[in-house]
Amino acid sequence: MRRSISMPVPAALALVLALAATAGCSGHGTGERAAGPAKSAAGPAASGAPAPVKVPPLSQEEARGVVKDVTLKVEADNFDAGYWKGVTEGPLLEQQLAVVETARKYGTDREPRPADAPETDPAVHTWSTGKDDGGDRWILGAHEVQGYTVGDAGKEAVLRWSLFHQQKAGAPWLAAFIARAPEPGGLPQVAVGPDGRAVTGGDTAGLAADPAKLCGQYGDYMYTDAGPGGVKWSQDVTKRKAASAAQLERMRTSLGKGAKVDFGVDVNRGSHGPLWRTTDGGALVACTAVSKVYTESGPGRSTTFSSSGWAGTTDIPWASYTQRIMGLTVLKVSAGAAGEVSVEAESNLPYSFDGTKYTG
């Protein structure tokens, strides 16, 4: 006789959505300002080309306007790939395109959501980078939104950290990264230079870990059997790892004998955006990784989701399935060789789903 197990998306995957599923990868910014055009002893070039226009730093009002405007766009429940290419880039675009592809295979029907519309707290905090020559600019924003957890109809206030990128002055701003701070009051402590721009890049020799390697080390530590990798992880990181392992064991127990659950890292994408320096001499690193969990329900059995982060996957008996989750994590690297690395903000968003339906 077939036994059906109704269960939510595994909590080990920490599918936290802030009423909008939202997430490429580039190296750290240097934070160095352009020195401007070289001066010739002979005076201006004979070509008569206009001198570069100096682009002033973004004002707080301008940066807040970008955060509010683009945030509303990424709140959309949209399954059109073209739409997301116009409002997101990097990890957030990759995640949304994966969700769109899953919806193409399984449908766009979603389970009922909380009736209230998302709310954005008017207190939007921002830090921005930029160069006088109008080169690429970044905004790190933090603001409160009303969110919910998949499988739970209750709403709560969460503090969302977001990265926005503009390739050059005048180009559209695109959302690239979101992460949820564990505490509503947990604002980034970003260092700011005399011109009002955030301090980025710089010498990393005095940090507790190498930012260039840190994202891969975190992904390996959290999603595989790899050890600390020479990094002194904070207590909150070790607790997250232990909680994830415990949840997987509960899943295996609930599925029973004959079932199979495998969990691991699919891809470590590395860091995204600049290396944001903090007021205490440390740094913030935005990391991306895709983890996966493969589940076989066992002979004569199926699993049915009562809630899911993927449209079209609930109320269906699944004999086996693979869920991939994109983890977006902001790590804080302390100053000093004896310092530790902690998680400042993190979101785990639906990436892709592949399942085999139970046919009896």
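The values are calculated or read from the model by the stated rules, or taken from the named source; none is laboratory data. In this text, all values refer to a predicted model and were calculated from it rather than measured experimentally. With ideal geometry, Cβ positions are generated from the backbone for all residues, glycine too; neighbour counts draw on all protein chains shown. Ligands, DNA and RNA are excluded from the accessible area calculation, which covers all protein heavy atoms including side chains. Shrake-Rupley method; radii C 1.70, N 1.55, O 1.52, S 1.80 Å.
Considering only the range 243-284, state which residues are surrounded by fewer than 18 Cβ atoms within 10 Å (Cβ to Cβ), of a type outside the set (Ser, Thr, Tyr) and either closer than 30 Å to residue 128 by Cα or in contact with a Gly (Cβ under 8 Å, 6 or more places away or on another chain) (or both).
Within the range 243-284, 256, 257, 258, 260, 267, 280, 281 meet the criteria.
How about the range 328-340: which of its residues are in a strand (DSSP E or B) and touching a Ser or Thr at 6+ places or on another chain (Cβ under 6 Å)? Give the steps one after another, and end with the answer.
From the range 328-340, those in a strand (DSSP E or B) are 328-333, 335; that's our starting set.
Hits for the range 328-340 are 328, 332.
Restricting to the range 222-242, name every residue that is among the hydrophobic types (A, V, I, L, M, F, W, C) and loosely packed, with under 11 Cβ neighbours inside 10 Å. Show your work before the answer.
Here is the first cut: in the range 222-242, the residues among the hydrophobic types (A, V, I, L, M, F, W, C) are 222, 226, 231, 233, 237, 242.
Scanning the range 222-242 gives a single hit, 242.
Output yes when any residue across the range 162-172 is open to solvent by less than 20 Å² (accessible area, probe 1.4 Å) and modelled with pLDDT under 95, and no when none is.
No, that holds for no residue.
Which residue out of 299, 228, 274 is in a loop (DSSP other than H, G, I, E, B), closer than 28 Å to residue 138 by Cα and not basic (Lys, Arg)? I'd like the intermediate steps shown before the answer.
On the way: 299 fails: closer than 28 Å to residue 138 by Cα; 228 fails: closer than 28 Å to residue 138 by Cα.
Among 299, 228, 274, only 274 is in a loop (DSSP other than H, G, I, E, B), closer than 28 Å to residue 138 by Cα and not basic (Lys, Arg).
In the range 149-157, is there at least one residue being under 22 Å from residue 343 (Cβ atoms), modelled with pLDDT of 85 or more, of a type in the set (A, V, I, L, M, F, W, C) and under 20 Å from the mean Cα position of the chain (by Cα)?
No.
Take the conditions in a strand (DSSP E or B), open to solvent by 30 Å² or more (accessible area, probe 1.4 Å) and hydrophobic (A, V, I, L, M, F, W, C) and apply them to residue 343. Does it pass?
Numbers: in a strand (DSSP E or B): yes; open to solvent by 30 Å² or more (accessible area, probe 1.4 Å): no; hydrophobic (A, V, I, L, M, F, W, C): yes.
For residue 343, the condition - in a strand (DSSP E or B), open to solvent by 30 Å² or more (accessible area, probe 1.4 Å) and hydrophobic (A, V, I, L, M, F, W, C) - is not met.
Within the range 331-359, track down each residue that is of a type in the set (Gly, Ala, Ser) and touching a Phe, Trp or Tyr at 6+ places or on another chain (Cβ under 7 Å). Even if it seems obvious, please write down each step before you answer.
Within the range 331-359, the subset of a type in the set (Gly, Ala, Ser) is 334-339, 342, 345, 347, 352, 355.
Passing the criteria: 345, 355.
Only residues that are surrounded by 23 or more Cβ atoms within 10 Å (Cβ to Cβ) and among the hydrophobic types (A, V, I, L, M, F, W, C): list them for the range 306-328, please.
Answer for the range 306-328, where residues must be surrounded by 23 or more Cβ atoms within 10 Å (Cβ to Cβ) and among the hydrophobic types (A, V, I, L, M, F, W, C): 310, 325, 326, 328.
Please enumerate the residues belonging to the range 174-221 that are under 17 Å from the mean Cα position of the chain (by Cα), buried (at least 20 other Cβ atoms within 10 Å of the Cβ) and closer than 21 Å to residue 160 by Cβ.
174, 175, 176, 177, 178, 179, 180, 181, 188, 215, 218
Checking residue 334 against (1) under 11 Å from residue 355 (Cα atoms); (2) touching a Gly at 6+ places or on another chain (Cβ under 6 Å), which single condition isn't satisfied?
It fails just one condition, (1).
Tell me whether the range 227-234 contains one or more residues that are out of contact with any Ser or Thr (no Cβ under 8 Å at 6 or more places or on another chain) and of a type in the set (S, T, N, Q).
Checked the range 227-234: no residue is out of contact with any Ser or Thr (no Cβ under 8 Å at 6 or more places or on another chain) and of a type in the set (S, T, N, Q).
Please determine, by comparing only the residues of the range 346-360 that are of a type outside the set (Ser, Thr, Tyr) and assigned to a strand (DSSP E or B), which one is surrounded by the fewest Cβ atoms within 10 Å (Cβ to Cβ). Working first, answer last.
From the range 346-360, those of a type outside the set (Ser, Thr, Tyr) are 346, 348-350, 353-355, 357, 360; that's our starting set.
Those left that are additionally assigned to a strand (DSSP E or B): 346, 348-350, 353-355, 357.
Working: 346: 21, 348: 21, 349: 27, 350: 26, 353: 25, 354: 14, 355: 21, 357: 11.
Within the range 346-360, the match that is surrounded by the fewest Cβ atoms within 10 Å (Cβ to Cβ) is 357.
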